[in-house]
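Sharing a structure with you now.
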Amino acid sequence: KIYSMRGLADAEYALKPGGVLAVWSAAPDAIFTRKLRETFSSVEPVTVTARSNGKGPKHVIWFATKR
């Protein structure tokens, strides 16, 4: 339920001011990005590769900072 608006609100509430929530995903998700932006003051989606050599599938990690 972390991916719901209620779950994100609960995660945001648990953080101290300036705290950061990091969420991993196997793929980009525009709807989840929108939900994060509605809940947190700053959201940075970062695309990473699965392997340290830069090859392999690409994943997304969102870094969301509490208001």
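Compute the angle between helix 30-39 and the longest alpha-carbon principal axis of the chain, please, reported from 0 to 90 degrees and rounded to the nearest 10.
That works out to roughly 30 degrees.
Along each principal axis of its Cα atoms, how long is the chain end to end? Whole angstroms, biggest number first, please.
Computed over the chain, the largest-to-smallest principal extents equal 37, 22, 17 Å.
Turning to a different aspect of this structure: Explain nothing, just the number: relative contact order of the chain, from Cα pairs under 8 Å at least 6 residues apart, as a whole percent. All intermediate terms of the calculation are to be shown ahead of the outcome.
Working: 108 pairs, mean separation 26.4, N = 67.
Answer for the chain is 39 percent.
Roughly what would the spin-label model give for Lys16 and Tyr3, points 7 Å off Cα along C-beta, in nm?
3.1
May I ask for the angle, rounded to the nearest 10°, between helix 5-14 and the longest principal axis of the chain, with both axes built from Cα atoms and the value confined to 0 to 90°?
Helix 5-14 sits at roughly 80 degrees to that axis.
Quick note: the coordinates plus some simple rules give every number you see, no bench work behind them. Being a predicted model, the structure only gives us computed values, none of them experimental. With ideal geometry, Cβ positions are generated from the backbone for all residues, glycine too; neighbour counts draw on all protein chains shown.
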